[in-house]
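The values are calculated or read from the model by the stated rules, or taken from the named source; none is laboratory data. None of the values given here were measured: they were computed from a predicted structure. Please note: Cβ atoms are built from the backbone with ideal geometry, for glycine as well, and neighbour counts cover all protein chains shown. Heads up: the accessible areas ignore ligands, DNA and RNA and are worked out on the full protein's heavy atoms, side chains in. Shrake-Rupley method; radii C 1.70, N 1.55, O 1.52, S 1.80 Å.
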Amino acid sequence: MAGDVRFAPGSLTRRAALGALGVGSLALAGRSVQAQAAKPSELKVGIATYLSGPASVFGVPGRQAAEMLFDEINAEGGIAGVKVRPIFVDEGPGVDHFVGEYRRLVQSENVNIIFSAISSADCLACTPLADELKRPTLLWDCGTQRIFEDARYQYAVRTQGNATPEVLAALLYVLRAKPDFRSIAVVNQDYAWGRDSWAIWKTAMDTLKPGVRVAAEFFPRFGATDFSTEVTRLLALRPDVILTTSWGGDLDAFIRQSAERRLFERSTFVMPLAESSLERVGKTLPAGVIVGGRGDHWFGHPSPKDPALLARFTENYRKRFSTWPIYPTHHMAQAVFAMKAGYEKAIKAKGGGWPTDAELAAAFQGLEFPSLTGTIKIREDGQGLEDQLIGTTVHTDKYPFPVLTDMVVFKAADITTPVGQKSLDWLKTLSPDMPGKMPAPVPYRG
Amino acid sequence: MSRRALLELVAALAAAAIVLLVAALVPWLRFVLTIAIAKGIAVLGILLLLRAGQVSFGHALYVALAAYAAAFAAPRMPEALLLLPLGALVSGAVGLVVGLFVVRYREIFFGMLNLALSMVFYSVLEKFYALTHGTDGIRLPAIRYVGTALGPEEAGWATLAVAILLALGFGAFVRVYLLSPMGEALSAMKTRETRLEFMGIPARRVLLAAYVLSAVMAGCGGVIIAMTTRHVTPALAYWTASGELVFIAILGGAGSVFGPFLGAFGYELTRTYAAALVADAWQMILGIVLLGVILFAPGGLWGMGRSALRRRPAGEGAA
């Protein structure tokens, strides 16, 4: 890797000095923080993703999508004639390591732009760094709504939605599909996302449908493999609705153990992240379960803006990786498309000249770019407006896993916290007729 | 001052100068080096316990405790020179209370009890979600140094300087401590604890003193980590973080106060470069390095360096 790093002028002496110190062949010298305006020979993109640990169920598909899309961009000649090269870093070791990696990407690898990250903690830690080191950063997958509600950033924007619309969409769907439910139980992973998503759901539910009884709140350990206690309690409590925002191995295990003990027959399940588990759990997951995928992400989207684009992406991804694309691949595609659109906008604004870091960062504010299924707009606060798709599972002969029917695509602007407001305050002001105003469900078409 | 002590002092100052030089030449390494020194300070405490033959698998507790103390205090009191003593005090106080119990146990029981307590703290950080934001962690505001607000660049340098000063101070202290009767008693505990008791020296108190000192050092390391990353998460208290400290102690070698710092630099640089080289197999490289050290250099990096110097005929100065 060290061999093909391009050194900025004037940094060779540093490298020589470092070599003399014995840090040796791997030492990578970097340019200082200054905005380059000359067209680079290649465009380096630092990509933070999980390559190890439980979240690699999202991280590895994300990386695969990036590899595929970068190859496609390069096959078309790159962005404004500049080839792109991804440099992946692993989020697995935790925040303090990632903060060091972020600095390495900027100061040593000298990347032009960074896609960061899956973990909300990593995003919270690196957005202030983006401003400090003045390097454009796209938050590609992390969910926490805190980032742009608590502060404003110049160099970081988010190319996707956040936890609030993702959870609110599922709630609205349930309120319409099962308006008379009286009790609910929650089984969420015991970490920030599990807690945050339940707080969002509970706040919105208490506003839109006051009086629903919370039968039980379970927060099993993150990475739990045994849910027999929870399933036994849920069988006894018989709540009308069971919500779980779990994902990955936790969700797969919970689905399998619930199916085995026929819990699905007693309660309506709501799983806002289960789109990413469909292929793994297969038809163990019965029909009639309400499923989402953190955005309007699904290969069978009922009304994609550019059906050919979605079909081509799905087909190419399946051919290359022998698996169906899931939502992190869509999120990665959005970051890649946003990067391309951002560069093109900045280059156009400069009359064909190559933009500086600051000019590129400015171009992302207010940018509109295509996603695989629609269009995403980055608001003035840096938050992306992303539609949300929620559906109900159905079994068909065509696929070995459940697919979605009765799909509702929620418009991002209706369900995203307005600029300058905090999610939990805004959710308390929702009007009870909101579920009635949602778009009509679209059935599955084979 | 003996010739050997003088030599070690010169070596320590030279090492500090090299760290500053590397940080100046390679800006992005400054962050990694600061973290390495912070961990080295924490491992210095573990070294004291290792002298007594006790391995703590839970010292991340004190690192995290101080880091969170700093994170909670920083919005009201963003002063590095107050946060450091605060973190050390909190860790030391908790270390004293916990120490009263754990010094009754030895070896695996000592290690496991420490592990259990650190995991309890980890769970507390996760469960008290409204206070701690759980795994999302808490962000620290910009820290002042002696009342002056610094830019990000200067603050990075200031933290590194504070870390180096603390490392030199604690290093010198531990070296003196190990040669003092209290320190010698630690080695005696490892050899035969009963004999120590026969001599009228209470082994538990000897271990308790070392334990509290180690908690204080881990606390200082924790505050430096918090001031450097400026974002604390419960992962700091997770058992893998404790394991990391023991890993560093083994990698560096327990023979000298230089060991923990050699180990910490070795560990952090290996991890950083391994991650840069192969993003998805860096754990394997780290594992191979540790296996190599265990199999071929039981004295750690320090032991390797010393035996290399001894073998050299002209190396009399280092003997």
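Electrostatic tally near residue B:56: other residues with Cβ closer than 15 Å to its Cβ, Lys and Arg +1, Asp and Glu -1, net +3. Projected label points at residue B:194 and residue A:183, each 7 Å from Cα along the beta carbon direction, are separated by 6.3 nanometres. For segment B:124-166, the residues whose backbone nitrogen is under 17 Å from a point 7 Å from the Cα of residue B:77, taken along Cα to Cβ, are B:140-148.
Cysteines in the protein assembly as shown that lack a partner Cβ within the 4.7 Å cut-off: A:126, B:220. What Kirkwood Rh does the protein assembly as shown have if only Cα atoms enter the pairwise 1/r average? Answer in Å. Kirkwood radius, the protein assembly as shown: 27.7 Å. The dipole here belongs to segment B:3-238: it is taken about the Cα centre, uses +1 on the Cβ of Lys and Arg and -1 on the Cβ of Asp and Glu, and is about 460 debye. In this label model, residue B:165 and residue A:150 are separated by 3.0 nm, measuring between points 7 Å along each Cα→Cβ vector.
Per-residue Cβ counts within 10 Å, from other chains only, averaged over B:28-39: what number is that? Working shown, then result.
Working: counts 15, 10, 2, 8, 5, 0, 1, 4, 1, 0, 1, 1.
Partner-chain Cβ atoms within 10 Å, mean over residues of B:28-39: 4.
At a threshold of 50 Å², the residues of segment B:228-245 that become less accessible to a 1.4 Å probe in the full protein assembly than in their chain on its own are B:231. Counting every pair of alpha carbons in segment A:250-292, the share spaced more than 16 Å apart comes to 21 percent. Rounded to the nearest 500, the 222 nm mean residue ellipticity of the protein assembly as shown from helices alone is -18000 deg cm²/dmol, with -39,500 (n - 2.57) taken per DSSP H run of at least 4 residues.
Entry for segment A:158-295 at q = 0.11, 0.14, 0.20, 0.21 Å⁻¹: log10 I(q)/I(0) = -0.34, -0.57, -1.27, -1.43, Debye formula applied to identical alpha-carbon scatterers, no solvent contribution. For the protein assembly as shown, the antiparallel share of DSSP beta bridges with both residues in that region comes to about 40%. Remark: accessible surface ordering of A:318, B:230 (largest first) is A:318, B:230, probe radius 1.4 Å. Cα-based values for segment B:161-318, radius of gyration first and Dmax second, are 18.0, 56 Å. Straight-line cross-link partners of residue A:283 among the aspartates and glutamates, defined as a Cα under 20 Å from its Cα and at least 8 positions apart when in the same chain: A:250, A:252, A:260, A:265, A:275, A:397, A:406.
The contact between chain B and chain A removes approximately 3400 Å² from the accessible area (both sides summed; 1.4 Å probe; ligands, DNA and RNA excluded). The relative contact order of chain A comes to 17 percent, based on Cα pairs under 8 Å that sit 6 or more residues apart.
Of the residues B:179, B:80, B:224, the one whose Cα sits farthest toward the positive end of the charge dipole of segment B:3-238, with +1 on the Cβ of Lys and Arg and -1 on the Cβ of Asp and Glu, is B:179.
Let me see the pair-distance distribution of segment A:373-446: every alpha carbon pair, 10 Å bin width, integer percents in order. Histogramming segment A:373-446 at 10 Å steps yields 16, 37, 30, 15, 3 percent.
Only helices reaching 18 angstrom along their own axis (Cα) with mean Kyte-Doolittle hydropathy no lower than 1.0 count here, and for the DSSP H runs of chain B these are B:3-25, B:27-51, B:60-73, B:80-102, B:107-127, B:152-179, B:203-229, B:239-252, B:282-296.
Centre-to-centre, using Cα atoms only, segment B:1-80 and segment B:175-195 are separated by 23 Å. Scanning chain A for long hydrophobic helices, with DSSP H runs required to stretch 30 angstrom or more by C-alpha along their axis and to average at least -1.0 on the Kyte-Doolittle scale, returns A:327-349.
Ordering B:256, B:40, B:66 by the projection of their Cα atoms onto the charge dipole of chain B, which places +1 on the Cβ of Lys and Arg and -1 on the Cβ of Asp and Glu, puts B:256 at the extreme positive end. Taking a ≥ b ≥ c as the square roots of the Cα gyration tensor eigenvalues, segment B:3-238 comes out oblate, since a/c reaches at least 1.5 and a/b does not exceed b/c. Computed from label points 7 Å out along Cα-Cβ, the spacing between residue B:2 and residue B:123 is 4.8 nm. Structural descriptor for segment A:63-149: relative contact order 22 percent, calculated from alpha carbon pairs under 8 angstrom and at least 6 residues apart.
The shape of chain A comes out prolate: with a ≥ b ≥ c from the C-alpha gyration tensor, a/c is at least 1.5 and a/b beats b/c.
Classify segment A:322-432 as rounded, prolate or oblate, taking a ≥ b ≥ c as the square roots of the eigenvalues of its Cα gyration tensor: rounded when a/c is under 1.5, otherwise prolate if a/b is larger than b/c and oblate if not. Write down the numbers at each step before the final one.
On the way: a/c = 3.39, a/b = 1.39, b/c = 2.44.
Verdict is oblate for segment A:322-432.
Counting only other chains, and only Cβ atoms inside 10 Å, what mean value do you get across the residues of A:86-96? Averaged over the peptide's residues, the number is 6.
Dipole size of segment A:208-308 about its Cα centre, with +1 on Lys/Arg Cβ and -1 on Asp/Glu Cβ: approximately 320 debye, rounded to the nearest 20.
Checking every one of the chymotrypsin sites (Phe, Trp or Tyr not before Pro) in segment B:60-153 against DSSP loop status and a limit of 15 other Cβ atoms within 10 Å picks out B:105, B:128. With all pairs of different C-alpha atoms in the average, the Kirkwood value for the hydrodynamic radius of segment B:113-237 is 17.5 Å.
Once you keep just the Cα pairs under 8 angstrom separated by 6 or more residues, what percentage relative contact order results for segment B:3-238?
On the way: 349 pairs, mean separation 100.3, N = 236.
Across segment B:3-238, relative contact order equals 42 percent.
The accessible surface of the protein assembly as shown, taken with every protein chain in place and a 1.4 Å probe, is 61 percent carbon and sulfur.
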